[in-house]
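Below is one structure, written out as structure tokens, with a few remarks after it.
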């Protein structure tokens, strides 16, 4: 079995990444790649790994969904009392990773996370489908529950209570924005000689470098 796993490999050859083809702004170039991911019908173009650090120094990661690129940052929403919310409260440094296998591309973004305004959170929350709003209200994210039926019962009760009404924004639910200090663009190439272009913000200016694969 181990030999079979070790033998799994793919040769990447769909595109290349040259400095002359990249915008001076990594955010503008990310938008270009993101638009191409949507046009190419990537299965989940907004899916990104969010990596945080636990209080005892261990890395922690999960998939969340990008919900906006505004004010120079990347937005996502969650429960502030969830595990990731508590980790970000202790240490706001985080990393996002997009992997668009259909395009053989990866983008890694490091930076500091802060909460968006309550008004921004409320506007986004009420743009969600009704059942998604109820789900957020019903779930104390990351907290233990005896079995699924408890959660389903609470969901049903809240759904009935707010049918045809405005669902209140949960007090511990809202958005974050990650302001990037580093953005690395990775394009798969043949023979594992992948292209890696790193933008690092230094004194308010983006500095661009090519990294060896």
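Quick rundown of the values:
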{"read-out": "Residue 60, sole failed condition from (1) exposed (fewer than 11 other Cβ atoms within 10 Å of the Cβ); (2) at pLDDT 95 or above; (3) touching a helix residue (DSSP H, G or I) at 6+ places or on another chain (Cβ under 8 Å)", "value": "(1)"}
{"read-out": "Residue list for the stretch 16-32, filter: modelled with pLDDT of 95 or more and either closer than 23 Å to residue 191 by Cα or in contact with a helix residue (DSSP H, G or I) (Cβ under 6 Å, 6 or more places away or on another chain) (or both)", "value": "16, 17"}
{"read-out": "The listed residue being assigned by TED's automatic domain parsing to the domain that holds residue 117 and under 23 Å from residue 96 (Cα atoms), out of 190, 200", "value": "200"}
{"read-out": "Considering residues of the stretch 128-142 that are closer than 19 Å to residue 80 by Cβ and free of Cβ contacts under 8 Å to residues at least 40 places away in the same chain only, the residue surrounded by the fewest Cβ atoms within 10 Å (Cβ to Cβ)", "value": "132"}
{"read-out": "Residues of the stretch 160-213 satisfying the condition of being part of a loop (DSSP other than H, G, I, E, B), closer than 25 Å to residue 120 by Cβ and in contact with a helix residue (DSSP H, G or I) (Cβ under 7 Å, 6 or more places away or on another chain)", "value": "167, 169, 170"}
{"read-out": "Residues (over 30 Å from residue 36 (Cα atoms) and touching a strand residue (DSSP E or B) at 6+ places or on another chain (Cβ under 7 Å)) located in the stretch 52-82", "value": "53, 54, 59, 79, 80"}
{"read-out": "Condition broken by residue 87, with the remaining ones in (1) surrounded by 17 or more Cβ atoms within 10 Å (Cβ to Cβ); (2) in contact (Cβ under 8 Å) with a residue 40 or more places away in the chain satisfied", "value": "(2)"}
{"read-out": "Every residue from the stretch 1-40 that is within 16 Å of residue 183 (Cα to Cα), outside any helix (DSSP H, G or I) and either in contact (Cβ under 8 Å) with a residue 40 or more places away in the chain or outside the structural domain of residue 101 (by TED's automatic domain parsing) (or both)", "value": "17, 18, 22, 24, 25"}
{"read-out": "Only one of 163, 122, 152, 157 that is out of contact with any strand residue (DSSP E or B) (no Cβ under 6 Å at 6 or more places or on another chain), on the phi < 0 side of the Ramachandran plot and in the same structural domain as residue 69 (by TED's automatic domain parsing)", "value": "122"}
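Residue-wise test of (1) under 24 Å from residue 105 (Cβ atoms); (2) crowded, with 19+ Cβ neighbours inside 10 Å; (3) touching a residue at least 12 places away in the same chain (Cβ under 8 Å).
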position: 165; (1), (2), (3): no, no, no
position: 179; (1), (2), (3): yes, no, yes
position: 185; (1), (2), (3): yes, yes, yes
position: 190; (1), (2), (3): yes, no, yes
position: 193; (1), (2), (3): yes, no, yes
position: 202; (1), (2), (3): no, no, no
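The values are calculated or read from the model by the stated rules, or taken from the named source; none is laboratory data. Fair warning: this is a prediction, and the values are worked out from it, not measured in the lab. Neighbour counts run over all protein chains shown; Cβ positions are idealised from the backbone, glycine included.
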